[in-house]
Amino acid sequence: DIGRQLRWQGPEGYWRVFNIEGNQNSTDVTGTWSGFWVWDSSKSTIWQLGAFSEESGYPRSVTIFQERLTFAGTKAQPRTVFMSTSGDYEDFELPDPLSDESPITVTIAGARQDRIEWVREIEDMLMVATTDNILSVSGTENAIITPTSIRQKRHAGYGALPAVQPVRVGPIVLFPGFHGETLHEL
């Protein structure tokens, strides 16, 4: 996990970011702290690992959806979509309490667990392609997506060709089917 960030919450409620720079053994790491810091020797068990690293992988696809920077499909979470805070492409930290603008993390449902190949915005939907399905993620009842208003819908029983990004032509998106022998449109 060298290069990975770890968020740690101190006993007073402030979050700090620890950048892992090395490891002493399987349970001890070295690194640097950033963020508001007041030393407190008491222990805290409230922490979170960052989603992206050499170990967990980096996103396969990136897009902008409803004013959110959207990443999808890492090695460790191949069917997960990560969306930033609405209007702030650099903020993925979950606040307490959540609001409609808070970041969103959603794992795509499905019988097979094929990884996400690409994501694209079409109207009010985030289209998500795997090798076995085309799905959408959107807000419920035609609303803007929020952490508490998420709808997934399957649109096609065929998937996309791996490692080939779609092309947008006007209001439609064109992409090759899984076997590379057909061309599909959304």
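With a 1.4 Å probe and all protein chains left in place, how much accessible area per residue does segment 71-137 have, in Å²?
Working: 3090 Å² over 67 residues.
Solvent-accessible surface per residue comes out at 46 Å².
When the accessible area of segment 1-151 is split by element with a 1.4 Å probe, what percent falls to carbon and sulfur?
On the way: 4260 of 8490 Å².
Heavy-atom surface of segment 1-151 belonging to carbon and sulfur, 1.4 Å probe: 50 percent.
With the chain treated as a Gaussian network of Cα nodes joined by springs under 10 Å, which of Phe18, Phe82, Phe65 yields the largest mean-square fluctuation?
Phe18
Would you pull out the residues with amide H under 5 Å of Arg115's amide H, same chain only if 5 or more places away, H placed 1.01 Å from N?
For Arg115, whose amide H was placed from the backbone, the distant partners under 5 Å are Thr131.
Suppose the chain between Glu181 and Thr107 were pulled fully straight at 0.36 nm per residue; how much longer would it get relative to their current alpha carbon spacing?
Numbers: separation 74, 0.36 × 74 = 26.64 nm, distance 2.89 nm.
Gain on extension, Glu181 to Thr107, equals 23.8 nm.
In the Gaussian network model of the chain, springs joining C-alpha atoms below 10 Å, which of Ala111, Ala160, Ala76 carries the largest mean-square fluctuation?
Ala111
Please list, ordered by chain and number, the residues whose modelled amide H lies under 5 Å from the amide H of Ala156; skip anything fewer than 5 residues away on the same chain.
Answer set, sorted by chain and number: Ile134.
How high is the FRET efficiency from Asp132 to Glu12, r the C-beta distance, R0 41 Å, rounded to 0.05? Mind showing how you got there, number by number?
Numbers: r = 48 Å, r/R0 = 1.16.
Once rounded, the FRET efficiency stands at 0.30.
How many nm separate the modelled label positions at Arg154 and Gln48, each set 7 Å beyond the Cα in the direction of the Cβ?
3.1
Would you calculate the volume per residue, in Å³, of the smallest convex hull containing every Cα atom of the chain? Kindly include the intermediate steps, with their values, before the conclusion.
Numbers: hull volume 26.0 nm³, N = 186.
Spread over its residues, the Cα hull of the chain gives 140 Å³ apiece.
Cα gyration tensor of segment 12-117, axes a ≥ b ≥ c as square roots of the eigenvalues: rounded (a/c below 1.5), prolate (a/b > b/c) or oblate? Before the final figure, lay out each step's value.
Values: a/c = 2.24, a/b = 1.40, b/c = 1.60.
Oblate shape, in that a/c is at least 1.5 and b/c is the bigger or equal ratio.
Report the label-to-label distance for Ser56 and Ile172 in nanometres (one decimal), using points 7 Å from each Cα along the Cα→Cβ vector.
Between Ser56 and Ile172, the simple spin-label model gives 3.9 nm.
Multiply the residue gap between Ile64 and Asp96 by 0.36 nm, knock off their C-alpha separation, and tell me the result in nm, one decimal place. Before the final figure, lay out each step's value.
Working: separation 32, 0.36 × 32 = 11.52 nm, distance 2.44 nm.
Here the answer is 9.1 nm.
What longest range of the chain stays clear of loop-exposed GluC sites (Glu not before Pro) (DSSP non-H/G/I/E/B, at most 11 other C-beta within 10 angstrom)?
Values: sites that count: Glu12, Glu54, Glu90, Glu123, Glu181.
Longest stretch, sites excluded: 124-180.
The values are calculated or read from the model by the stated rules, or taken from the named source; none is laboratory data. Everything quoted here is computed from the prediction, not taken from an experiment. No Cβ is skipped: glycine too gets one built from the backbone with ideal geometry, and neighbour counts run over all protein chains shown. Heavy atoms of the whole protein, side chains included, go into the accessibility calculation; ligands, DNA and RNA do not. Shrake-Rupley method; radii C 1.70, N 1.55, O 1.52, S 1.80 Å.
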